[in-house]
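Here's the structure we're looking at; comments come further down.
Please treat every number below as a calculation from the coordinates, not as lab data. Since the structure is predicted, the reported quantities are computational estimates derived from the model, not experimental observations. Here the Cβ positions follow ideal geometry from the backbone for every residue, glycine too, while neighbour counts run over all protein chains shown.
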Amino acid sequence: MRVAFYNQMFAMNGRRLFSFLKAHYYVHFSNNDKKIKENANIDRTIRTIKKSKADIIGIAEVLDYQEKELKEKLRKLGYEYIYFEKGHRTKYRKMFVEVAIASKIRCKKIKIRGFPVKNEMGGGGGFIVCYFPGLKMHVVNLHL
């Protein structure tokens with residue numbers, strides 16, 4: 001069994017400083033849908049997940065509008081169990097920044113109350129826990 005965690009930085013190219021700053025600007029401080037979508041490409045995430053050959057994957061910094069597309073593409077890779085949880089909202093667009101757990105192994109999302117994730121910048125990018133009954137194991141994806 002292989003488990004991998006990936007911070008997709010909204011599915012942008014985070015390896016170059018200029019693209020990193022530009023995409024963060026558009027996502028957090030802009031109201032330009034076209035520019036946000038140009039700088040947030042789910043296919044980059046899918047290529048990375050495919051290379052990982054992981055049975056369970058945790059993903060951070062998913063924008064709420066990306067959820068449907070990401071779920072469809074993960075299903076094509078064999079991930080049957082896909083769960084999302086909201087973190088903080090972006091400043092101007094009020095989009096949620098989310099975390100996800102996707103698995104090829106049966107699991108279910110569970111709630112843990114009282115974890116201090118606030119709906120504000122710096123308040124956390126999300127917290128999700130899934131339980132794997134066949135493995136008697138919990139997987140936590142936390143993005144602070």
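Any chance you could run the full-extension gain for Arg16 through Lys35? It's 0.36 nm times the residue separation minus the Cα-Cα distance, nm to one decimal.
Numbers: separation 19, 0.36 × 19 = 6.84 nm, distance 1.74 nm.
That pair, Arg16 and Lys35, stretches by 5.1 nm at full extension.
Think of the range 51-144 as having a plus end and a minus end, set by charges on the Cβ of Lys, Arg, Asp and Glu; of Met137, Phe115, Phe96, Met137 sits farthest toward the positive end of this dipole. Each Lys or Arg adds one and each Asp or Glu subtracts one; over the other residues with Cβ under 12 Å from the Cβ of Glu69, this totals +2. The modelled label-to-label distance between Met137 and Thr48, using points 7 Å beyond Cα along the C-beta direction, is 2.2 nm. Within the listed set Gly114, Gly126, Gly87, the residue fluctuating most in the Gaussian network model of the chain (springs between alpha-carbon atoms under 10 angstrom) is Gly114. Near His28: Cβ cut-off under 9 Å, other residues only, Lys/Arg at +1 and Asp/Glu at -1. The net charge is +2. What net charge do the residues around Asn41 carry, taking every other residue with its C-beta under 11 Å from that of Asn41, with Lys and Arg at +1 and Asp and Glu at -1? Here the charged neighbours net out to 0.
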